[in-house]
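Data block below; observations after.
Throughout, read-outs are computed from the coordinates displayed, never taken from laboratory work. Fair warning: this is a prediction, and the values are worked out from it, not measured in the lab. A quick note on method: Cβ atoms are made from the backbone with ideal geometry, for glycine too, and the neighbour counts reach across all protein chains shown.
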Amino acid sequence: MNHLQSLEADSIYILREAYSRLGRLGLLWSIGKDSTVLLWLAKKAFFGHCPFPFIHVDTGYKIPEMIAYRDKVASDLGLEMIVWQNKVALSAGMGPDKGRLICCKALKTDALNAMTKHYGFEGLIVGVRRDEEGSRSKERVFSERNEDDEWDYTNQPPELWGQFKTDFPKGHHIRVHPLLQWNEIDIWRYILDQDIPIIDLYLAKNGRRYRSLGCAPCTGIIESQASSVAEIIDELSHTNIAERAGRAQDQEDSYAMQKLRKDGYM
Amino acid sequence: MTTLLTPPSVRRKIRLVFTGHVDHGKSTVIGRLLYDTGSLPEGAVAKIKKVSAETGQPFELAFLLDAFEEEQKQGITIDTTRLQFKTEHLDYVIIDAPGHKEFLKNMISGAADAEAAFLVVDAQRGVEEQSRRHALVLKLLGLTQIGLIINKMDLVDFEPKVFQSVSSELTAFLESLGLSPKFSIPVSALNGDNIVNPSSKTPWYHGPTLVKALDDFTYAPEHGTGLRLPLQDVYKFDDRRLLAGRIESGVIHVGDEILISPGHKKTKVTALAAWLDRDKKDSASSGESVGVMVSDEFFNRRGEVISLLTDAPTVSSRFTASIFWMGKNPLKVKKRYKLRLATSESEAQIARVLRLIDSETLAERSIKLDKPANGSSLDGYNDVQRDGHNKDPRATAHDGAYDASLDAPQDAPHDAPHDAPLGASFGKVSEIGFNQTAEVEIVLQHPLAIDLFSSHRATGRFVLIDGFDVAGGGIVTQIEERLPIKFGFVGDGLIARCEVFEEYFYDLNGMTVSKIGTHDPMYCVGDAVPLVGYSYHYPENFDIVVFRDQVAITIRQGKVAGLTHLSEHSYEGFPVVNGRGFGVLIASQEDFNLVRHDYERLSGDNEARLAERWLDFNTFRRIPIGSGDLRQTT
Ligand SMILES: Nc1nc2c(ncn2[C@@H]2O[C@H](COP(=O)(O)OP(=O)(O)OP(=O)(O)O)[C@@H](O)[C@H]2O)c(=O)[nH]1
Ligand SMILES: [Mg+2]
């Protein structure tokens, strides 16, 4: 078994554990490359079926092509979709001008937490990876959030031998991280290997492309000539610029992501 | 999408953990390795420089790993992390583990699935408590590839004598555990000596630099080649019934005859399912997540293990294990815990502690009991078998058997008659504390499919759950075999002895009824049984009730359909025979309950009366006349 095959097999194992061990389960689908790989892995894990809903926490500031792409894939694949927005905050005028971290908290964290409560999710499958940033590098595969959606990151339970956290008080939920061990380049190699359709915002047009997709005002575009997945892989093997360098919220404060994620951010 | 560029060969990665006492420099060594090999993303160093500037702390390479604010403020690793790294020759997953004893659970989370380990020791401070404890944990986890890093050589002026003395002290300790380090490297992570670049300050050292030494590690050899596929789930999303799981060892082929334990069901693999055509195949091997289709529609469930017919796991509810305890509350003898082994689960109790390793001083003051792990309790077990009155094969009736009484005080010293006297100064060991390791005997409420850790890793290790948390882990060192019966039925976690398919005859010379040998020594669920013999004839569908083992066997369409405990068995209107094949006069569930009730009170005095009341010798059996060998008379 090579590296990609073993990443795939282990991610499938994690998805199946989540499905077997947790109550109501949903998959956070952000349209980006990671959650698209997750969708693919779920199809493999459950033999073409997706026995849980796909959730998109829509901030209202997403790059418009993302929404169009989301709706097309959802209808092509017949996905059960939940789209959730923090309508109260949006109608009160919440936006990045109020402060990036404040905006992220309201439109992403608070929306996600309200959605989790509303549907009573016990497990949320999220496509985060260790190599994205510091607080994610320390994550568990099954990561508990308390009744206030908080992450007690300085006191995480042991996780060994594929035995995950599946016992917890009612009202808590588990963030399941099947891609935790994948690196950015693994994702692209897998997309190439499996020929997975992805949104074309990642492919360079006129010398520019998105490396990471998020909200339009806060996601930077990089200079790139990579107009195919193969070229992206080639580009990534020769760069040492971090993936999330273009994400504004990460740059605000040295521990910005840790603080956001402690409160329930994905 | 273009596929002109084939992806570069993506090698499997060796998982390598850095362990050792707190502050001895594990994270700094990794940080230096990443820095000096140019493996860091741009801006990573700038980011930690910014943190140092903001907080007024000195610049620390360890911050590349210690990402939490709390870790950086306190200069300590709290939780483990892992990252990918490559040398010219091999690819690695490097795992940073914390050294503080408070975070041993996190160290174990990092080290549990590592294939190789470094023990990092501060040259000036020498071997300390967690250096030894981590060594012990690595041993327990089954790691055999270990390298030593003697760090902070700058603090001892790169003195070869210091290196030698620290290195040999740790080597001696490892050897006492049966481990031998592959190499020992003097380094200074602070300045990068012997990490990537050979140091001019250690002219006396002729071994490899750290980065060169990495290539001395190899993939851990696969443990156990026999097929082990623990079931995670059974899917029925469409008209297919799929047994889903990850192959932990061995290979499975379409057409293989397989055994599903502990249910002990035999069946055949008809297909390996896949969503995509490109994933369809006729065999799959260790590490792959699969969906298996089989030829028989048994009731299957999570926790069962698929193996080949030969080389199956042992079905047992009693075993000896080496365990480590990470719980805040001590592990108590006789208290109930949830035990998880691969995907299976059972309630479990520690029947007794055989050997306890003191948490502060480790192996030096381990408590050795006089009694070996396989002491007289096993003999006692056999005694129960020999007199043929073992009541319930699920629970053994001797010392340390699963304690079903809920109101027994959980911390009371247990009163096992076979217990060896313990050293007077220690008293009875009734608990295992935080971070302690011990050798214990474990009893399960339900038998599970278990292997020795030394033969199959995934089904030879388990975790213990206290409340909501995984609080302990262990490896199986010895398994008590199930009933060594020679004929009868086995399945669904139960075993029943019986002589239903044996030939009885009347021996004219001896004027006695005798029997000749069996057709088949053991029937599993799914096996066809010989309905018609010379001296018997059973219908296609009937039930066998074996009072002595408290088990009912259902035969449907001439095959063993299942085994149930008598208390859970329900009468379905089919004829019933006893363990010898004589009809039992049951025509309703009420009759069945009455028979059970009567036979629970079976004694020498009422045996004939009960037989008279309930048994019928003529329907399914006859006693032909023979003279020593039945075949001669036919
Ligand atoms: N002088 C000197 N100091 C070092 C060296 N390596 C590490 N240190 C210092 O030792 C301290 C502890 O280093 P860490 O890398 O955090 O130690 P650790 O083993 O990872 O500690 P924990 O993860 O908390 O167990 C830091 O202040 C480092 O700067 C070295 O080679 N020489
Ligand atoms: Mg550290």
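Classify the range B:8-214: rounded, prolate or oblate, from the alpha-carbon gyration tensor (a ≥ b ≥ c, eigenvalue square roots; a/c under 1.5 rounded; otherwise prolate if a/b is larger than b/c)? Display every interim value, and only then the final one.
Values: a/c = 1.26, a/b = 1.19, b/c = 1.06.
Rounded, because the longest to shortest axis ratio a/c is under 1.5.
First measure r as the distance between the Cβ atoms of B:THR225 and B:LEU276, then evaluate 1/(1 + (r/R0)^6) with R0 = 35 Å and state the FRET efficiency to the nearest 0.05. Please list the in-between numbers first.
On the way: r = 28 Å, r/R0 = 0.81.
Plugging the Cβ-Cβ distance into 1/(1 + (r/R0)^6) gives 0.80.
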*asked:* I want to check the label-to-label distance for A:ASP76 and B:GLU600. Put each point 7 Å from Cα in the C-beta direction and report it in nm to one decimal.
replied: 6.4
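I'd like the mean, over residues of B:179-190, of how many other protein chain beta carbons sit within 10 Å of each residue's own Cβ.
On the way: counts 0, 0, 0, 0, 0, 0, 0, 0, 0, 0, 0, 0.
Partner Cβ neighbours, averaged per residue: 0.
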_Label-point separation, B:ILE625 to B:HIS100 (7 Å along Cα→Cβ), nm_ = 9.1
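I need the fraction of alpha carbon pairs in the protein assembly as shown separated by more than 44 Å, rounded to a whole percent.
Values: 158285 of 404550 pairs.
When every Cα pair of the protein assembly as shown is considered, 39 percent fall beyond 44 Å.
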*Theoretical FRET efficiency, 1/(1+(r/R0)^6), r = Cβ-Cβ of B:GLN57 and A:ILE102, R0 25 Å, to 0.05*: 0.35
_Need the list of lysines near B:LYS101 for cross-linking: C-alpha distance under 23 angstrom, and skip anything on the same chain fewer than eight residues off._
A:LYS138, A:LYS165, B:LYS26, B:LYS73, B:LYS139, B:LYS152, B:LYS328, B:LYS332
*asked:* From the phi angles alone, apply the Karplus equation (6.51, -1.76, 1.60; θ = phi - 60°) to the range A:100-111 and give each ³J(HN,Hα) in whole Hz, x where the residue is Gly or Pro.
replied: 4, 5, 5, 5, 4, 4, 6, 8, 10, 4, 5, 5
*asked:* As a test, work out the antiparallel percent of DSSP beta bridges whose residues both lie in the range B:8-214, rounded to the nearest 5.
replied: 25
*Two-site FRET efficiency, B:GLN589 against B:SER39, from Cβ-Cβ distance with R₀ of 56 Å, rounded to 0.05*: 0.20
*Give the long-range amide H neighbours of B:THR619: residues separated by 5 or more places, or on another chain, with amide H under 5 Å away, using H modelled in the peptide plane at 1.01 Å from N.*
B:GLY583
*Of all DSSP beta bridges in chain A, what percent run antiparallel (nearest 5)?*
50
_For B:LYS182, what residues show an amide H to amide H distance below 5 Å, using hydrogens built from the backbone and excluding near sequence neighbours?_
B:ILE146, B:GLY147, B:LEU148
*List the residues whose amide H sits under 5 Å from the amide H of A:VAL83, counting only those 5 or more places along or on another chain, with H placed 1.01 Å from N in the peptide plane.*
A:HIS56
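In the protein assembly as shown, what percentage of the DSSP-assigned beta bridges are antiparallel, given to the nearest 5?
Details: 113 of 155 bridges.
About 75 percent, rounded to the nearest 5.
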*From the phi of every residue in the range B:546-555, what ³J(HN,Hα) in whole Hz does the Karplus formula 6.51 cos²θ - 1.76 cosθ + 1.60 yield, where θ is phi - 60° and glycine or proline is x?*
10, 5, 5, 9, 6, 10, 10, 10, 9, 10
*Please compute the Cα-Cα pair-distance distribution of the range B:150-239 with 5 Å bins starting at 0, giving whole percents from short to long.*
3, 11, 17, 16, 13, 9, 6, 4, 5, 5, 5, 3, 2, 1, 0
*Loop sites in the range B:258-354: chymotrypsin sites (Phe, Trp or Tyr not before Pro), DSSP, at most 13 other Cβ within 10 Å*: B:PHE299
_Pairwise centroid distance, computed over Cα atoms, of the range B:259-286 with the range A:141-205, Å_ = 28
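So if the hydrodynamic radius of the range B:225-295 is defined as the Kirkwood radius over C-alpha pairs, what does Stokes-Einstein give as its diffusion coefficient at 37 °C and 0.692 mPa s, in µm² per second?
Values: Rh = 12.2 Å.
D = 268 µm²/s.
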_Rh (Kirkwood; distinct C-alpha pairs) - the range A:3-183, Å_ = 17.0
*lysines within cross-link reach of A:LYS87: Cα-Cα under 20 Å, excluding same-chain residues under 8 positions apart?*
A:LYS62, A:LYS98, A:LYS105, A:LYS108, A:LYS117
*Phi to ³J(HN,Hα) by Karplus 6.51 cos²θ - 1.76 cosθ + 1.60 over the range B:55-63, Hz, x for Gly, Pro*: 9, x, 8, x, 5, 10, 4, 4, 5
*asked:* Quick check: pseudo-label points 7 Å beyond the Cα along Cα→Cβ at B:GLN557 and B:GLU499, how many nm apart are they?
replied: 3.2
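In peptide B:272-281, what is the residue-averaged number of other protein chain Cβ atoms found within 10 Å of each Cβ?
The per-residue average across the peptide is 3.
Which value in Å does the Kirkwood hydrodynamic radius of the range B:540-634 take, with 1/r averaged over all unlike C-alpha pairs and then inverted?
On the way: mean 1/r = 0.0693 Å⁻¹.
Every distinct Cα pair counted, the radius reaches 14.4 Å.
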